[in-house]
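No lab work stands behind these numbers, since they all come straight from the coordinates. Note that the structure is predicted; figures quoted are calculated from it, not measured. Cβ placement follows ideal geometry from the backbone for every residue including glycine, while neighbour counts extend to all protein chains displayed.
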Amino acid sequence: MKKLKLSRSHKLFLISAIVVFSVFGGTVISPFTTALAVTCSGYGCDNTSPVTTGCSSGAVTKKTANIYDAPNYTFLLAKVELRYSSTCKTIWSRITNLAAQESLDMWTSTQRRYSPNGTTTTVSDLDYNVSYQGSAYSPQLYLPASDSDGLSGRAGDYVSNGTVYAGGAYTAYWGGI
């Protein structure tokens, strides 16, 4: 048998690799494994947090609407987004305060509608004193995406300045397709 001759740098690399392998027990460390594990599925995701369940990771915005001051509708106060997770097949409302230099009370709401009979499920949450460019979100609702399920969803939000109603808006319905 022929003896393998390694240079000093190759020997150091091989020893380092053996030490790392033994310390980490053969575990492969990857920068791509940082996503949270999802902790809900199906209708079990209803009325849960999209953040703590891991559903918000990789979510996208499907519909948006702007909230202007009432009754004048001259100042943009906030933006409401219907967010969707393809991992969990859930929707929720995210509202962002755009009223410069002002904290707003924000009420977030998400609705799931079953079209054939008009049944609507709503989840909502009240978040106080969201500062400029801060965001709040509602609990999520399961919304499977198919042509035949008859389900659609929308996001709605209302804002106030202290105890005075300032404005509100709903996004258009999104059918998950």
- Query: Which distance in nm do the two modelled labels at Asn72 and Asn129 give, with both placed 7 Å along the Cα-to-Cβ direction?
  - Reply: 2.6
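Based on the Cβ-Cβ distance from Thr119 to Val38, what FRET efficiency comes out when R0 is 35 Å, to the nearest 0.05?
Details: r = 26 Å, r/R0 = 0.76.
Here the calculated transfer efficiency is 0.85.
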- Message: Sort Thr96, Thr74, Thr39 by Cβ crowding within 10 Å, fewest neighbours at the top.
- Response: Thr74, Thr39, Thr96
- Message: Give me, ordered by chain and number, the residues 5 or more places off Ala166 or on other chains with an amide H under 5 Å from its own placed amide H.
- Response: Val159, Ser160, Asn161
- Note on the structure: Note: segment 42-170, point scatterers on Cα, Debye, no solvent; log10 I/I(0) at q = 0.14, 0.19 Å⁻¹ equals -0.59, -0.97
